[in-house]
Amino acid sequence: MKFFFTVFIFSFALLIQSQEVPPIQVFTPQDYMAEDQNWSISQDRDGVIYFANNKGLLSYNSARWELFPTPNQSILRSVCVINDKIYSGSYMDFGYWGKDNLGGLTYKSLTSDKDFKIKEDEEFWDIVGVEDYILFQSLDRIYIYNVNADSFKIIDSRHRINKIFKTNETIYFQKEGYGIYEIQNGSERLVIPEDKFSNNEIINIYSIDNDLLLLTKERGLFIYSEGVISIWNSNANKALEGLSIYNSIRLSDGSFLFGTISEGIIQLSSDGKKILKINKSDGLSNNTVLSLLEDNKGNIWLGLNNGINIMNLDSPYLIYKDKQGVLGTIYTSIKVDNYLYLGSNQGLFFKRYGEGSNFNFIEGTKGQVWSLNYLKGEIFCGHDKGTFIVKNGKANLIKGDIGTWAIKEIKDKPNLLLQGNYKGLSILEKKNEKWNYRNKIDGFNISSRYLDFIESNQLLISHEYKGVYKLNISSEYKKIMNYEKLGIDQGPKSSIIKYQNSILYSNRGGVYIYNKPQAIFYKDSTLSSIIEGDSYVSGKLIYDDNNNRLWCFSESDIIFVEPGKLSEEPKINKIPIPNQLRNSKVGYENILSLADNKYLVGTADGYLTIDLDKHKQSSKSIGIDKVSYRSLHDEFVLVNINKPIELDYKSNSILFRYSVTDYNKFSATKYKYRLLGFYDKWSNWSSESQTYIENLPHGSYKFEVKALSSGEQSNNIASYEFSIEKPWYLHTVAIIFYVLLGLALIFLIQYFNNKYYKRENKN
């Protein structure tokens with residue numbers, strides 16, 4: 001029974017569907033230091049995101065979170081940025097927030113000192129701007145605010161108003177039990193009577209070809225055209241079947257995104273086809289979506305019942321995460337005949353490429369897979385157990401030496417293959433259309449993970465702890481005639497590879513090219529500059545012969561090198577994914593060409609795909625958010641960030657906070673600064689988004705800061721000028737006093753000296 005239960009659990013895990021999903025960032029209430037529920041989301045011109053949170057107005061600029069509690073300490077239900085104001089609605093109040101000169105926000109209520117009274121327990125769930133009007137919606141009323149006249153009209157209702165909708169500059173709302181109304185000249189007009197859609201709660205209204213598309217809470221999408229309501233798209237309604245929709249938005253590409261209660265999000269194309277469905281099992285932190293926003297960079301923000309998530313549907317990156325831990329860490333991959341194979345520390349897996357099906361385990365391959373090669377029309381799997389040939393979803397072990405690192409073709413020997421094993425080298429031979437183990441090559445018993453041919457019978461082998469060896473092999477490939485250790489430093493995570501008819505060796509010291517006539521390595525300065533020094537993570541090099549690209553991995557980037565088109569200098573391209581974010585096994589990085597510009601990168605829990613055609617880098621602006629100062633042991637005092645300030649000589653410790661609004665999950669923004677007048681050299685790059693400088697001497701200063709985000713430097717340098725007064729004892733008046741005092745002392749000394757000598761002369 002225990003055996004059958006284990007088999008059942010393993011089989012069930014393989015049947016659970018995973019999918020490639022856009023990068024998702026998760027923020028918990030502990031991250032943003034507010035409460036769990038987030039009811040509404042909006043964005044201002046500077047890219048800052050605002051959330052209507054249970055605890056107040058929450059802001060995020062990608063560097064830090066900040067909470068602004070509502071004046072009456074109530075739950076904030078709605079937020080909407082219109083022009084330069086941040087409008088919000090809460091319990092028995094609504095108004096707007098404006099930015100002050102200190103880098104903060106101040107609130108002004110629009111309900112005080114007005115000729116109307118807010119209803120008891122009234123809450124404001126939605127805010128819409130149209131022309132010169134702002135509309136605030138509660139469940140009982142719609143308040144129409146004329147911005148220019150600072151006046152209100154109120155649409156009152158004895159029946160529940162669930163939501164308010166803006167469609168093509170027309171405002172619609174639904175009265176429960178009565179129908180859908182539009183607002184014209186401050187008054188309501190019935191558009192669709194209730195009997196047309198049988199008490200369905202409307203979640204949103206869109207315009208399609210001059211008709212109205214009605215999204216219902218639980219019955220899908222309907223089209224209203226010429227007085228008739230009908231199902232818009234049967235496939236769309238099938239995709240939404242069984243879901244309870246809480247909110248939705250239409251994205252810039254015309255598709256629809258729906259936030260559900262308990263089922264995450266679902267995206268439909270503009271013609272109703274299901275694109276994707278993402279829930280907690282795919283990476284969301286909660287399945288109840290209270291609010292949605294597409295920001296000005298295409299990022300999708302989700303305000304959840306517990307937390308905040310962000311994802312980018314148009315990201316060049318997609319993530320396949322092994323949710324059940326079945327795949328393990330990916331060490332190698334290959335695509336053959338439209339099938340994708342993944343080799344991991346837990347075995348070999350495959351599936352048809354491009355389909356949503358899950359990966360299938362290939363029986364008999366449980367254990368560590370080191371390499372996958374397509375050679376001579378066969379798939380060879382280098383494994384801890386030895387070498388497998390893979391065909392039709394099955395793997396057959398070739399009996400021979402255990403532990404196969406790598407397999408290489410031998411020039412002019414079509415029926416032979418060279419293997420690098422745990423204990424040296426061996427040969428596979430093809431006889432009668434079948435590959436068999438032929439012999440171990442005697443005379444070299446060192447682990448041979450990285451190897452490449454100099455010539456047919458000459459070989460270079462790299463061992464990361466022993467160094468690089470040059471071997472001469474007999475013509476029959478049965479023994480090593482002689483070998484020598486070359487004069488190149490060994491190093492952990494080093495590798496050796498053939499690239500453009502040269503053999504490259506890479507370690508912490510850089511990238512070296514083998515000089516065949518002299519049998520030595522010399523350093524390549526261009527390639528070495530990519531990975532050496534503080535940039536070094538791994539010396540693993542990978543050659544993509546499909547696209548003639550050399551791949552390597554640094555602390556900050558995945559890098560690919562291409563031959564120069566107009567010069568001999570290679571073109572170096574960087575994909576700014578830091579090491580800690582790409583989550584690959586260091587020293588065993590692997591990358592696979594899926595198509596001309598699409599690649600798969602193995603990770604510790606699945607893989608990451610990169611679409612280079614979507615990879616667009618653009619510089620962003622940096623801004624100084626807040627400046628504050630203090631004297632020793634005192635509290636910080638905020639200053640006006642829009643004009644210079646002169647500080648007292650005791651208030652000579654100053655704090656700068658700055659940011660770049662970059663919400664890319666794989667972007668690690670870094671900053672460097674300098675303080676002109678104190679030190680003119682730029683600091684090193686740092687992920688810290690603030691700088692604290694203590695005990696400055698008196699003088700005039702200019703603080704400057706710039707950023708590196710998504711691999712590009714900011715398009716500006718943010719600055720702030722300030723000065724620190726001289727202490728009182730260094731002021732001009734004090735110096736004049738010191739001079740006068742000195743003169744007076746000299747006079748007195750001279751006076752008493754003269755007096756003394758006169759007295760002595762009399763005696």
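The values are calculated or read from the model by the stated rules, or taken from the named source; none is laboratory data. Worth saying up front: this structure is predicted, and the values here are computed from it rather than measured. Every residue, glycine as well, gets a Cβ built from its backbone with ideal geometry; the counts of neighbours run over all protein chains shown. The protein model used for the area step is the full one, side chains on, heavy atoms only, and it has no ligands, DNA or RNA in it. Shrake-Rupley method; radii C 1.70, N 1.55, O 1.52, S 1.80 Å.
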### Task
Compute the distance in nm between two label points, each set 7 Å from the Cα along the Cα-to-Cβ direction, one at D534 and one at N237.
6.2 nm
### Message
Suppose the chain between S474 and D100 were pulled fully straight at 0.36 nm per residue; how much longer would it get relative to their current alpha carbon spacing?
### Response
126.5 nm
### Query
Of K99/K620; K540/K665; K335/K430; K85/K175; K574/K626, which ones are farther than 31 Å apart at the Cα?
K574/K626
### Query
In percent, how large is the relative contact order of the range 582-700, given Cα pairs closer than 8 Å and 6 or more residues apart?
19 percent
## Note on the structure
With a 1.4 angstrom probe the carbon and sulfur portion of accessible area for the chain, in percent, totals 47 percent
### Query
How long is the range 242-291 along each principal axis, judged by its Cα atoms, biggest number first, in Å?
27, 22, 19
### Query
Thinking of the chain as a set of Cα atoms, what percent of all their pairs are more than 40 Å apart?
52 percent
### Task
Compute, for E725, the solvent-accessible surface of its heavy atoms (probe 1.4 Å) with the complete set of protein chains present, and express it in square angstrom to the nearest 10.
60 Å²
### Task
Please report, to two decimal places, log10 I(q)/I(0) for the range 613-763 at q = 0.20 Å⁻¹ as given by the Debye formula with identical point scatterers on the Cα atoms and no solvent.
-1.18
### Task
Could I have the simple spin-label model distance between K758 and L67, label points 7 Å from Cα toward Cβ, reported in nm to one decimal?
8.2 nm
#### Entry: Rounded FRET efficiency, nearest 0.05, which uses the C-beta distance separating I735 from K643 and R0 of 35 Å
0.75
#### Entry: Kirkwood hydrodynamic radius of the range 410-521, Cα pairs, Å
14.5 Å
### P(r) of the range 300-391 over all Cα-Cα pairs, binned every 5 Å from zero, in whole percent
3, 12, 20, 20, 14, 10, 7, 6, 4, 2, 1, 0
### Query
Working out 0.36 nm times the residue gap between D31 and I746, then minus their Cα-Cα distance, what length gain in nm do you get to one decimal?
250.6 nm
### Task
List the aspartates and glutamates whose Cα lies under 15 Å from the Cα of K643, skipping any in the same chain that are fewer than 8 positions away.
D100, D625, E704, E721
### Message
Within the chain, which is the longest segment that contains none of the chymotrypsin sites (Phe, Trp or Tyr not before Pro) sitting in a DSSP loop with at most 12 other Cβ atoms within 10 Å?
### Response
117-464
### Message
With a cap of 14 neighbouring Cβ atoms within 10 Å, and only residues DSSP puts in a loop, list the GluC sites (Glu not before Pro) found in the range 317-425.
### Response
E355, E363
### Summary
Per the range 93-135, sqrt(5λ) over the Cα gyration tensor eigenvalues, sorted largest first, in Å, gives 22, 15, 11
#### Entry: Amide proton proximity set for G386, modelled H, under 5 Å, gap of 5+
G403, T404
### Query
Just the Cα atoms of the range 366-458, one point each, no solvent: what log10 I(q)/I(0) does Debye give at q = 0.17, 0.20, 0.25 Å⁻¹?
-0.67, -0.94, -1.50
## Note on the structure
Once both label points are put 7 Å beyond Cα along the C-beta direction, the K153-K423 separation in nm becomes 9.2 nm
### Task
Could you compute the FRET efficiency for Q184 and K280, with r as their C-beta to C-beta distance and R0 at 35 Å, rounded to 0.05?
0.20
### Message
When 1/r is averaged over all different Cα pairs and the result inverted, which Kirkwood radius in Å belongs to the range 614-665?
### Response
13.5 Å
### Message
Can you give me the Rg/Rh ratio for the range 435-579, using Cα atoms for both radii and the Kirkwood formula for Rh?
### Response
1.00
### Query
So how long is each side of the range 200-271 along the principal axes, counting just the alpha-carbon atoms, biggest first, in Å?
35, 27, 19
### Task
For the range 631-691, state which trypsin sites (Lys or Arg not before Pro) are in a DSSP loop and have at most 11 other beta carbons lying within 10 Å of their beta carbon.
K681
### Task
Go through the range 489-572 and name the trypsin sites (Lys or Arg not before Pro) that are in a DSSP coil and have 11 or fewer other Cβ atoms within 10 Å of their Cβ.
K565
### Task
Report the FRET efficiency, 1/(1 + (r/R0)^6), for Y374 and Q324, where r is their Cβ-Cβ distance and R0 is 30 Å, rounded to 0.05.
0.60
